[in-house]
Every structure is written in structure tokens, then in C-alpha cells.
1. Please give the number of the condition R66 fails out of (1) basic (K, R); (2) surrounded by fewer than 16 Cβ atoms within 10 Å (Cβ to Cβ); (3) in contact (Cβ under 8 Å) with a residue 24 or more places away in the chain.
2. Please enumerate the residues belonging to segment 131-162 that are surrounded by fewer than 18 Cβ atoms within 10 Å (Cβ to Cβ) and either in contact with a helix residue (DSSP H, G or I) (Cβ under 8 Å, 6 or more places away or on another chain) or among the hydrophobic types (A, V, I, L, M, F, W, C) (or both).
3. Would you list the strands (runs of 3 or more DSSP E) that sit entirely within segment 33-124 and hold 2 or more residues that are at pLDDT 95 or above and farther than 25 Å from T185 by Cβ?
4. If I filter segment 170-187 for residues that are charged (D, E, K, R), buried (at least 16 other Cβ atoms within 10 Å of the Cβ) and modelled with pLDDT of 85 or more, do I get at least one hit?
5. What is the number of the single condition among (1) buried (at least 17 other Cβ atoms within 10 Å of the Cβ); (2) modelled with pLDDT under 95; (3) not hydrophobic (A, V, I, L, M, F, W, C) that G167 does not meet?
Amino acid sequence: MQSPYSRFLPSSEDWIRLCVIMPEMNPNLWAPWRSEYIRSLGAEADGEDCFLCGYAVDEARDSQNRVICRSTEVMAVMNRYPYTNGHLMLAPVRHVGTLDELSDRELGAVTILIRDSIKMLAIAVSAQGYNVGLNLGRCAGAGLPGHVHWHVVPRWNGDTNFMTTVGSARVIAESLDEVYSRLRTAAAELGLV
């Protein structure tokens, strides 16, 4: 039975338009695991240790930290707050915040790691495309502006579905542990670990 008030409610098409024009109309999508990340932003700004630097010196915890592979100059780490399955962060081992501070050796090493990460992702998650980039400075979107790092985000045909378009949310279909295991296997196959 239809409510007598339904004539005052917007149609589904009008509701979508309202949500785009008035973001406060969007329903909440609860993601409590993001609070750890949000709290860490303030800690980094307060001068506490950078998590990437912590990963760089603690090779024994690579599995817990989801470090896929490393060299003396750079490392590949799974993003704990991924845009898609297999979203990687590539960073120099040394704590530097700008490209100018990187040595030619470090810059070359990260370029090679970008290439190798794409190979790993092709094997581990059958990615069909990739977004590769970095955010320099907090105003450019860097969540960790003090330690320069690149994002390698695997993509698939059709992965921008209704959830992203209408719901302003992303669906991560596999656990980080499952993808980590496959990436480590792929890294071993490529001789990176």
C-alpha cells in the first residue's frame, strides 16, 4: 500500500539528483576501519614516527605490515585502505617528502618497482589496466606528505560500477590477506623476494 504522503516524496531519479546536488542527502556508509587511518593523520602531523619508516626498518614484520617486496632503496606495500583489490604503495626506504630529495638511484629504483609491481598485479589479480601516481603535499591529497610514495591501483573493465557512481562507495571483493598472499607468490615468481 502506498503512503498518503508519497506524492510529497521525490521520485528515485529526483532523489539521485538531490544526492548529487546536496551531498548531505547521501545515506551513510559506515566504514569503522577507516578511523585508524584518520587518527594516524594527526599522529604524523604531530611528529610521531612515519608508518613507512617503521616498515622500512622492521623486515621481520613484513607479513603483518603487508610489505610485498623491498630493496635497499625502495619497497612495495599493500595499501591498508585500498581503492581496489591489490592497491599498492611504493616508497623509498629513506624518509623524504619531495622528489627533489630523492637520489637518482632511488628515483630509478622506484621506476623499476612501478614496472615490476604492474607485472605482479597482472599475475596476482589479473588487472587489465593501472592508475599510477603520487600526491605531493597534503593539499594535493597526500595522506602522508612527509614520505613521498607512489600509488599503483589495478583496474578492470567495468570496475566503475553503480556503487561508485551512485553510492559514492567502493566494493573491495577480497580480503587484504588473500591478495597479499597472491602478490607475494607473484613477487617470488618474478624474483623480487
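1. Status for R66: all satisfied but (2).
2. Result: V132, L134, L136, C139, A140, A142, G143, G146, W156, F162.
3. Counting at least 2 such residues, we get no strands (runs of 3 or more DSSP E) at all.
4. yes
5. Checking G167 against (1) buried (at least 17 other Cβ atoms within 10 Å of the Cβ); (2) modelled with pLDDT under 95; (3) not hydrophobic (A, V, I, L, M, F, W, C), the one that fails is (1).
The values are calculated or read from the model by the stated rules, or taken from the named source; none is laboratory data. As the structure is a computational prediction, the values presented were derived from the model and not from experiment. Ideal geometry is used to build each Cβ from the backbone, glycine not excepted, and the neighbour counts take in all protein chains shown.
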